[in-house]
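Undergrad: Questions regarding the structure given below will be posed in turn.
Rule-based calculations on the coordinates, nothing more; no lab input. The shown structure was predicted, so the numbers you read here are calculated from the model rather than taken from an experiment. Glycine also receives a Cβ, built like all others from the backbone with ideal geometry; neighbour counts cover every protein chain displayed.
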Amino acid sequence: MMTIKYLSLKTISYIVFSLVLTASAAAQQPAPQKAAAPCCAKPQPKPKPAGTVMKGKAETLVCKLGTEDRHARIAVELIGGRTKSIAYYSKWKPRTCSVHIVRDDAYSRWEDTGHVTIVTLKEEKGSFLIDHEKQFVKFLFRDIDRERFCGMPGKITGSLTVTRGRAQCELEGVMDEYVMEPAPDGVTESPAPAAATVTLQAPSAVK
């Protein structure tokens with residue numbers, strides 16, 4: 001015959017109380033939190049824009065005017081009919097003048113508007129206006145600092161035109177020399193140099 005053991009009221013009360021405490025403790029435990037995304041992440045620096053992308057036919061125009069001892073010449077690199085670089089050189093024996101500018105270099109700022117390009121030299125050393133035409137490219141020199149590029153006082157002002165299929169340049173004012181005028185009586189400071197127009201001729205053909 002089976003014997004059934006009855007639990008006392010005290011024991012039952014203890015079991016119920018333990019279950020209530022366990023359930024209450026489980027309910028009070030905080031739920032695990034998800035990792036918060038960083039709220040103050042530093043923005044990544046934007047990549048620097050690449051230089052001007054020039055497309056089209058590559059072309060080099062070269063011209064010269066004058067004699068070996070006194071002349072001006074230029075070499076122009078074109079991409080798609082627009083100037084990429086300029087290499088200007090002139091000579092007054094024994095002095096020389098050299099200006100070399102490349103698009104997107106650290107010494108100039110280039111602005112294209114239609115067929116015209118304006119090149120502004122840094123440090124207020126002057127500017128070029130370049131007119132790109134079908135048959136020629138014309139450079140307008142605007143107060144280019146002669147001291148910076150030629151080692152002599154004054155400014156280079158005037159125009160130079162290089163024509164496709166022609167070896168001689170067309171110059172106007174670019175090769176003008178600067179001569180110091182004598183100071184008037186009673187003036188101790190030297191006046192500004194005056195321009196002396198120089199006309200360059202193509203070298204005569206050797207017979």
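Undergrad: Can you list which of the trypsin sites (Lys or Arg not before Pro) found in region 148-179 are DSSP loop residues with at most 15 other C-beta atoms within 10 Å?
TA: 164, 166
Undergrad: Would you pull out the residues with amide H under 5 Å of residue 155's amide H, same chain only if 5 or more places away, H placed 1.01 Å from N?
TA: 146
Undergrad: Non-local amide H neighbours of residue 108 (under 5 Å, H modeled in plane, Pro and chain starts lacking H): which ones?
TA: 122
Undergrad: Still on this model: Using label points projected 7 Å from each Cα along Cα→Cβ, tell me how many nm separate residue 167 and residue 148, to one decimal.
TA: About 3.4 nm, to one decimal.
Undergrad: Over region 80-130, what is the relative contact order in whole percent, taking alpha-carbon pairs under 8 Å and six or more residues apart?
TA: 22 percent
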